[in-house]
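The values are calculated or read from the model by the stated rules, or taken from the named source; none is laboratory data. Note that the structure is a prediction, hence the values are computed from the model and not measured. Here the Cβ positions follow ideal geometry from the backbone for every residue, glycine too, while neighbour counts run over all protein chains shown. The protein model used for the area step is the full one, side chains on, heavy atoms only, and it has no ligands, DNA or RNA in it. Shrake-Rupley method; radii C 1.70, N 1.55, O 1.52, S 1.80 Å.
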Amino acid sequence: MLHIKCPHCGMRSQNEFSYGGDASVKRPELGKEISDQDWDNFVYNRKSLRGKHWELWQHLSGCRQWIKVERDTSTHEIFNTLKATEEIS
Amino acid sequence: MQKYSIFSLVKNAFSNHETWDLAWKDPTPKKEYDVVIIGGGGHGLATAYYLAKEHNITNVAIIEKGWIGGGNVGRNTTIIRSNYMYDDNALFSEFGMDLWRKMSQDLNYNVMFSPRGIINLAHSDAQMNVYARRGNSMRLNGIDAVLLNREQVKEIIPMADFSENVRFPIFGGLMQPSAGTARHDAVAWGYARQADSMGVDIIQNCEVIGFDVSGGKINGVRTSRGDIKAKKIGLCVAGSTNILAEKLNMTLPIETHLLQACVSEPVKPVLDRVVTFGAGHFYISQSDKGEMVMGGDLDGYNSYAQRGNLPTLQHVLTEGIAMMPFLSKLKMLRTWGGIMDMSMDGSPIIDKTHIEGLYLNCGWCYGGFKATPASGWTFAHTIAQDRVHELNSGYSLNRFSTGHLLDEKGLGTKTWIS
């Protein structure tokens, strides 16, 4: 069982959260010329890192906010959590 | 190579089974091969076998970081089926079914293929309609499919919950009678033994550290046991695909996720089919040892852990108990996990890449085991002929950019969602 520290609610069990995937993926900006490759990278291509991985989780059975979590994908250790609006440093 | 038969069994009984030949050798890697296959799982071993058998290419090495059969080929729930609706998936899988039927004779190794049939349960009228459509598509592609009503299902699996006041009543099901199971370890060992006997070097405990690429061509691979040259390299590493792709500066439409499976304590024969729950994700069969073999959802977040987490297991087994209440009385014997190469449309990739001589076989999601022979056969063809075969033409890498997705389940890009 993972324990995730929601930046809004504090430490909660994994059961309250749902997963939203890689948080480092950026949607191409609106109104700009975008290549097919940019779209592919946004929609499909993923690094799927082994080790430290920034990812989105939603505190679905809690405050319902999306948050960013830095987790190790091979040990499940969680290093850091941020509000969705906070930038990954 | 010593042929396995009743006579060799009797002969070796007289020497207390102490003089059997080794099933495969433990060679030191040569400096150069015609083809190097990275990954000694089912698909890699099958690829090497068909390279030798179908294309007469025997100067081949399989490089495996761990040991043969220690990855997903030894961790799956052994289900074999071809109950797909889309042509590309259906024809590929049904080609594989033919190879499964002949496998034990072909490999001179008993893979215990047991075509006991698979039943996908339906829990609503709408689901029955969807199954009727899939069943019709299967039959048009020459695959056996039978739509069963509630009474017919009850006759086959009376131990399922047929009471009236349940959340997900059984309306019927779709059955593929020719589907079944096989002994997964035997598949790996059978392919390894035959490939070895035809001259393939199976090199275990050999980790890939990097690649030698120049001028858009692959020249070889750097390993923990030295550099190995090869003009053709096949990547066949399932959940580790992204790790090796990073060394090649490739980003792929793949995410690695964890799937768990479990077995109960052994009980007397009670279930002679493979059954799947239609209102969630749960599948079950009974092994020859009597254990109930079960699996279901992914853990749901990127993972390279090769071990599972309890919440998903509880969720999956709740579904199992809803479908077959007697399971609640059984003790759990073992649980384990394997890492899945989840592609962005739920279908695999067997293709060439932008690097000349580098071939890619990945994206098997939950369905890699049943595809072992067909994957090996088509990947061997793709490598040997340097062009994809008709059977794996739908499994191209560029289908994501061209929009020709094979989204059999219609889950969009989040195929790991449950």
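General remarks:
- Summed over segment B:211-226, the residues that are assigned to a strand (DSSP E or B), over 22 Å from B:W67 (Cβ atoms) and of a type outside the set (K, R) give a count of 7.
- Identity of the residue in segment B:373-418, touching a strand residue (DSSP E or B) at 6+ places or on another chain (Cβ under 6 Å) and farther than 20 Å from B:T353 by Cβ, that ends up surrounded by the fewest Cβ atoms within 10 Å (Cβ to Cβ): B:S418
- The requirement of being among the β-branched types (V, I, T) and in contact (Cβ under 8 Å) with a residue 40 or more places away in the chain is fulfilled nowhere in segment B:317-331; no residue meets it.
- Check on B:Y109, among the aromatic types (F, W, Y), touching a residue at least 60 places away in the same chain (Cβ under 8 Å) and closer than 30 Å to B:G290 by Cβ: yes
- Pick from segment B:256-297, criterion aromatic (F, W, Y) and touching a Leu at 6+ places or on another chain (Cβ under 9 Å), ranking: farthest from the other protein chains (Cβ to nearest Cβ): B:F277
- Whichever residue in segment B:399-410 is touching a residue at least 24 places away in the same chain (Cβ under 8 Å) and more than 20 Å from the chain's Cα centre (by Cα) and, among such residues, is nearest to the other protein chains (Cβ to nearest Cβ): B:F400
- B:D88 fulfils the conditions (1) over 23 Å from the mean Cα position of the chain (by Cα); (2) among the acidic types (D, E); (3) at pLDDT 95 or above except for a single criterion, (1).
- B:G300 vs. criteria within 14 Å of another protein chain (Cβ to nearest Cβ) and either surrounded by 16 or more Cβ atoms within 10 Å (Cβ to Cβ) or in contact (Cβ under 8 Å) with a residue 60 or more places away in the chain (or both): yes
- Taken over segment B:17-59, residues that are closer than 21 Å to B:N110 by Cα and without any contact (Cβ under 8 Å) to a residue 12 or more places away in the chain amount to 4.
- Filtered by the rule that a residue be in contact with a helix residue (DSSP H, G or I) (Cβ under 9 Å, 6 or more places away or on another chain) and more than 15 Å from B:V35 (Cβ to Cβ), segment B:223-249 gives B:V237, B:A238, B:G239.
- Residue count, segment B:98-142 (criterion: more than 23 Å from B:F282 (Cα to Cα), aliphatic (A, V, I, L, M) and open to solvent by less than 40 Å² (accessible area, probe 1.4 Å)): 4
- Positions within segment B:81-96 being over 17 Å from B:V146 (Cα atoms) and open to solvent by less than 40 Å² (accessible area, probe 1.4 Å), in sequence order: B:N89, B:F92, B:S93, B:G96
- Scope segment A:63-84; condition open to solvent by 40 Å² or more (accessible area, probe 1.4 Å), within 13 Å of another protein chain (Cβ to nearest Cβ) and farther than 14 Å from A:M1 by Cα; matching residues: none
- Any hit, segment B:231-245, residues being over 30 Å from B:N83 (Cβ atoms), surrounded by fewer than 22 Cβ atoms within 10 Å (Cβ to Cβ), more than 22 Å from the chain's Cα centre (by Cα) and in contact (Cβ under 8 Å) with a residue 40 or more places away in the chain: yes
- Looking only at segment B:164-182, and only at residues there that are touching a helix residue (DSSP H, G or I) at 6+ places or on another chain (Cβ under 9 Å) and farther than 18 Å from B:L148 by Cα, the one that is least open to solvent (accessible area, probe 1.4 Å): B:A182
- Of all residues making up segment A:2-37, the number that are facing chain B (nearest Cβ under 10 Å) and exposed (fewer than 10 other Cβ atoms within 10 Å of the Cβ): 1
- Near pairs, Cβ below 9 angstrom, 6+ apart or cross-chain, from segment A:38-50 (more than 7 Å from chain B (Cβ to nearest Cβ)) to any residue that is open to solvent by 50 Å² or more (accessible area, probe 1.4 Å) and among the acidic types (D, E): A:L49/B:E246
- Test: B:F326 is aromatic (F, W, Y) and either open to solvent by 10 Å² or more (accessible area, probe 1.4 Å) or more than 20 Å from the chain's Cα centre (by Cα) (or both): yes
- Enumerated strands (runs of 3 or more DSSP E) restricted to segment B:301-418, each holding at least 1 residues that are among the basic types (K, R): B:332-343, B:349-352
- Against the numbered list (1) over 25 Å from B:V60 (Cβ atoms); (2) buried (at least 21 other Cβ atoms within 10 Å of the Cβ), B:E291 comes up short only at (2).
- Residue in segment B:206-229 that is surrounded by the fewest Cβ atoms within 10 Å (Cβ to Cβ), counting only those that are touching an Asp or Glu at 6+ places or on another chain (Cβ under 8 Å) and within 10 Å of B:I63 (Cβ to Cβ): B:S224
- Residue count for segment A:51-60 satisfying the condition of being away from chain B (no Cβ under 11 Å) and of a type in the set (A, V, I, L, M): 1.
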